[in-house]
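Read the structure below first, then the notes.
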Amino acid sequence: MLTQISPHVYILPFDEERDRPNLGYIHGKNYSMLIDAGNSPAHLQKMLQEIEEAGLPAPKIALITHWHWDHTFAMHVFDGLTIAHKNTNDILDTLTRWEWTEEAMAERLRTGEECEFCDTHIKVEYDDITQIKVVQADIEFEDTISFNLGNVTVEVAPITNPHSDDGVVAYVKEDRILFAGDADTGDFYKLSGGYDPKRFHHYISEVDKIGYETYIHGHLDPMTRAETAALRRKITEEEL
Ligand SMILES: [Zn+2]
C-alpha cells in the first residue's frame, strides 16, 4: 500500500523478504518524481499501480539514490527519464556488461564482484535471472541538482557514506523529508556489512546539516530526527 508521509510525499514500503527498498513518490503540481526505480519490473509495476489507484499522476522522472540492484534493476522499464549521479552511472556502466546466468553469477560471487546477500535476494525476486537487464540513467549530474516540481522542491546532493562508493540524498524542502538511500547501512561489498568509521562519521556530520524532520532510509520505517540519532548511537556502539 502506498503510504502518505507528508503533503507531497508517499512511499511504497520496503519488503525485507524480496529485498525491495522503500520507493518514494513526490507529487508536484507540474510533474511528479520517483525516488529509486525498484529491484525488478514487477516491483516498479506495483508502485505505478498503487500511484494510479491513489488517483495520482504517473511520475515523469526517477531519481536513483545509488547503484545497488534493488534500487536500479527496474530502470530499463521506466517510461519517463531516469537521473543519477555520475558516480552511480559510472558503476552502472560496468553492470550493463554483466551476464545473467547461474555460472556468471557464481563467478561474480567467487571474485567478490557480487555479495552473498544480493545474490540470494536476486534469486528470490527473479524466477528467471536471464530477464535481468541493467541500464545507465538517461541523465547524469555532478555535484548537486535541484528539481522544481511546481509547488515542491527536491534538492539532491552526493555525500560520502559508509554504504556505497556513490550515493546521493534527496531533500524534499517544503515537507522537510530526506530520502537517504541506504546510507546508514554498512558496506556489503567491501566489508561484509561492516563500517568504515571515517566514512560513517563524515556522513552523519554532513547529513545532519540538512534540516530534515523525517528521514527515509531504503530499508527501514521512516524516522524522526531523534530516531536517526538513536540509530547512529546504536551503530557506533555495536559496529565501530
Ligand atoms: Zn544499497
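Here, each number is a calculation from the coordinates, and none is a lab measurement. Bear in mind the structure is a predicted one, so any value in this text is a computation, not a measurement. As a convention, Cβ positions derive from the backbone with ideal geometry for all residues, glycine included, and neighbour counts pool all protein chains shown.
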Each label sits 7 Å from Cα toward the beta-carbon; between residue 155 and residue 17 the label points are separated, in nm, by 4.1 nm
Once residue 173 and residue 79 are pulled to full extension, the length gained, defined as 0.36 nm per residue separation minus their Cα-Cα distance, is 31.2 nm
Karplus ³J(HN,Hα) for segment 151-168 (6.51 cos²θ - 1.76 cosθ + 1.60, θ = phi - 60°; Hz, whole; x = Gly/Pro) runs 10, 8, 10, 10, 9, 10, 9, x, 9, 4, 9, x, 8, 8, 6, 10, x, 10
In the chain the DSSP beta bridges are antiparallel at a rate, in percent to nearest 5, of 70 percent
Within the under-13-Å Cβ sphere about residue 28, not counting residue 28, Lys/Arg +1 and Asp/Glu -1 give a net charge of +1
Per the rule of 0.36 nm per residue minus the C-alpha distance, extending residue 148 to residue 86 adds in nm 20.3 nm
Counting Lys and Arg as +1 and Asp and Glu as -1 over every other residue whose Cβ sits under 10 Å from the Cβ of residue 195, the net charge comes to -3
With R₀ set to 35 angstrom, the calculated FRET efficiency between the beta-carbons of residue 221 and residue 96, to the nearest 0.05, is 0.60
Quick calc, the chain, dipole around Cα centre from Cβ unit charges on Lys, Arg (+) and Asp, Glu (-), nearest 20 debye, gives 740 debye
With -39,500 (n - 2.57) per DSSP H segment of 4 or more residues and division by the full residue count of the chain, the 222 nm estimate, nearest 500 deg cm²/dmol, is -9000 deg cm²/dmol
Expected unfolding gain across residue 190-residue 124 under the 0.36 nm per residue rule, minus the alpha-carbon gap, is 21.5 nm
